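The values are calculated or read from the model by the stated rules, or taken from the named source; none is laboratory data. This structure is a prediction, so every number in the text was calculated from the model and none was measured. So basically every Cβ, Gly included, is an ideal-geometry build from the backbone, and we count neighbours across all protein chains shown.
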Amino acid sequence: MSQTPSLIGIEIGGTKLQIAVGDRSGQIHELCPIPADRDGGGEAIRRQIAEALPPLIARHKPSAIGVGFGGPIDWKTGVVCCSHQVVGWHDFPLGAWLNEITGLPVIVDNDANTATLGEALFGAGRGHDPVFWINMGSGVGGGLVNGGKLYHGARPGEAEVGHIRLDKSGVLVEDRCSGWALDRRVREAIQAMPTGTLARLVGDQVGGEARHLGEALAEGDPVASAILSELADNVGFALSHVVQLFHPELIVVGGGVSLLGEPLRAAIAEALPRYVMDSFQPGPKVVLPGLGQNSVPVGALALAASHLDSQSAHR
């Protein structure tokens, strides 16, 4: 085990809860994935965290905690603005609560920001600058790292690429490109073609239908290909705004939807240049996460390390 001080990194998403113990090099020594009690809301998820932390702290004696939270947050105070997916988080002082139950210094940021930091420092973005991350999971979020540091706009949020409007009627990127939106699109396709490949693969399953898109694509299903093209075009359009504003060198496509893998990455990389200004062509490189599904907890470890450094500098 590493001799450097241990840190804790926590990921709190719409459907995902992970607690990692690791160090400032981004190495995870112990990872605890927990089935998040989404139906129980924020209170139930906090109870799960409070039950999981004591044995980890007793074993590893960490020096600080970093958290990536799935929603807008005041990163300076650690107070949650809200969660767009789970009730019971509105105005909750997450940083202060964790400090109270553990006695450890705590820093909290948005989960997309946290994932961006993890990928920029230790994942697919290493050696590139600036790095932008788009998270396609329960919702759609984004983050930007420039010069090895997170970009922070006015509180409580920034880089909310999921809330870019796809048209003036108010349709959001999140309405078309989140995991739940993709599930809905697959259900619509099955309703229109009940004897098709997707209908056969999904069967009687309710929820998570999009997880079968990859298999349908591998079988050459034209309906699945059309859904992928539509998704990639919407994502490419949204990311063109990011390119025009920030001109990142690299874009990392993460979140549960990114498990579609290379077909999704390639489709977005093909769609993006259609919407990018001529002088920025061919646009940034588009890649999948280098840290797999651990971008947020690794980024949370980096947050914790930076928080310790900041505290030391002010002593």
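Points to keep in mind about this one:
- Among the candidates 52, 96, 36, residue that is touching a Cys at 6+ places or on another chain (Cβ under 9 Å) and either in the same structural domain as residue 174 (by TED's automatic domain parsing) or not acidic (Asp, Glu) (or both): 52
- Single unsatisfied condition, residue 47 versus (1) touching a strand residue (DSSP E or B) at 6+ places or on another chain (Cβ under 7 Å); (2) in a helix (DSSP H, G or I); (3) surrounded by fewer than 24 Cβ atoms within 10 Å (Cβ to Cβ): (1)
The rows are residues; the columns are (1) modelled with pLDDT of 95 or more; (2) within 27 Å of residue 116 (Cβ to Cβ); (3) assigned to a helix (DSSP H, G or I).
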| site | (1), (2), (3) |
| --- | --- |
| 215 | yes, no, yes |
| 241 | yes, yes, yes |
| 244 | yes, yes, yes |
| 252 | yes, yes, no |
| 268 | yes, yes, yes |
| 271 | yes, yes, yes |
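- Applying the condition of being in a strand (DSSP E or B) and in contact with a Leu (Cβ under 6 Å, 6 or more places away or on another chain) to region 21-44 and asking which residue is modelled with the lowest pLDDT yields 34.
- Residue check, residue 171 under 20 Å from residue 238 (Cα atoms) and within 17 Å of the chain's Cα centre (by Cα): no
- Filter result for the condition that a residue is surrounded by fewer than 22 Cβ atoms within 10 Å (Cβ to Cβ), over 18 Å from residue 136 (Cα atoms) and in the same structural domain as residue 136 (by TED's automatic domain parsing), over 206, 243, 171: 206
- Candidates 310, 306, 295: the one that is outside any loop (DSSP other than H, G, I, E, B) and without any contact (Cβ under 8 Å) to a residue 60 or more places away in the chain is 310.
Each row is one residue, and each column tells you yes or no for (1) assigned to a loop (DSSP other than H, G, I, E, B); (2) of a type in the set (Lys, Arg); (3) surrounded by fewer than 24 Cβ atoms within 10 Å (Cβ to Cβ).
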| position | (1), (2), (3) |
| --- | --- |
| 56 | no, no, yes |
| 66 | no, no, no |
| 91 | yes, no, yes |
| 96 | no, no, yes |
| 104 | yes, no, yes |
| 115 | no, no, no |
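- Every test in (1) surrounded by 15 or more Cβ atoms within 10 Å (Cβ to Cβ); (2) over 24 Å from residue 119 (Cβ atoms) is passed by residue 18 save one, and that test is (2).
- Applying a threshold of 8 Å to beta carbon distances and a minimum spacing of six or more residues, or different chains, the list of pairs starting in region 145-157 at a residue that is closer than 17 Å to residue 247 by Cα and assigned by TED's automatic domain parsing to the domain that holds residue 248 and ending at one that is among the hydroxyl-bearing types (Ser, Thr, Tyr) and surrounded by 11 or more Cβ atoms within 10 Å (Cβ to Cβ) reads 145/116; 145/151; 150/116.
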